[in-house]
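The values are calculated or read from the model by the stated rules, or taken from the named source; none is laboratory data. Everything numeric here is computed off the predicted structure, so don't read it as measured data. Glycine also receives a Cβ, built like all others from the backbone with ideal geometry; neighbour counts cover every protein chain displayed. Only protein heavy atoms, including side chains, enter the accessible area calculation; ligands, DNA and RNA are left aside. Shrake-Rupley method; radii C 1.70, N 1.55, O 1.52, S 1.80 Å.
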Amino acid sequence: MRTWYRPFDNAPPAGTAEVYIHEMPGGQYTNLREQAESMGLGARWHEIARTYAEVNFACGDIVKVTPSSKVVGDLAIFLVSHDMSVKDLERWGRITT
């Protein structure tokens with residue numbers, strides 16, 4: 001069956017131990033990876049996955065279900081696309097006028 005659906009399947013062909021690092025839900029893994037690809041960030045996928053774990057930790061290791069996992073993923077992509085880290089975001093949040 002997988003051969004027939006291969007043109008429509010963007011999931012990795014096999015599991016990866018990387019999931020133990022970023023703890024990203026399976027459905028979000030494929031969706032976020034596709035989103036990163038569409039934004040021209042596909043080559044930075046491992047950086048996005050690592051940043052996902054950092055954002056999740058900064059948010060208190062939240063339960064990752066929609067919409068909370070979407071927020072963590074979107075923030076990870078935002079940070080990577082702006083060459084920022086969670087530490088940068090924390091410093092930026094402390095700036096007062």
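Probe radius 1.4 Å, ligands and nucleic acids ignored: give me the carbon and sulfur share of the accessible area of the chain as a rounded percent.
Within the chain, the accessible surface is 60 percent carbon and sulfur.
Say each of R2 and F78 gets a label point 7 Å from the Cα, pointing the same way as Cα to Cβ; how far apart are those two points in nm?
Label-label distance for R2 and F78, simple model: 3.6 nm.
What accessible surface, in Å², does a 1.4 Å probe find on Y29, ignoring ligands, DNA and RNA and rounding to the nearest 10?
20 Å²
PRE reach from V19 (point 7 Å along Cα→Cβ): which of segment 59-73 fall under 11 Å by backbone N?
Those under the cut-off are none; the list is empty.
Quick check on the chain: what are the equivalent-ellipsoid semi-axes from the Cα gyration tensor, as sqrt(5λ), descending, whole Å?
28, 14, 11
Ignoring everything except DSSP H segments at least 4 long, calculate the 222 nm mean residue ellipticity for the chain; use -39,500 (n - 2.57) per segment, divide by total residues, nearest 500.
When only DSSP H runs of four or more count, the value is -17000 deg cm²/dmol.
Ordered by residue, what ³J(HN,Hα) values in Hz, to whole numbers, does segment 43-59 give under the Karplus form 6.51 cos²θ - 1.76 cosθ + 1.60, where θ = phi - 60° and Gly and Pro are x?
Along segment 43-59, the couplings run 5, 9, 4, 5, 5, 5, 4, 5, 5, 4, 5, 5, 5, 4, 5, 4, 8 Hz.
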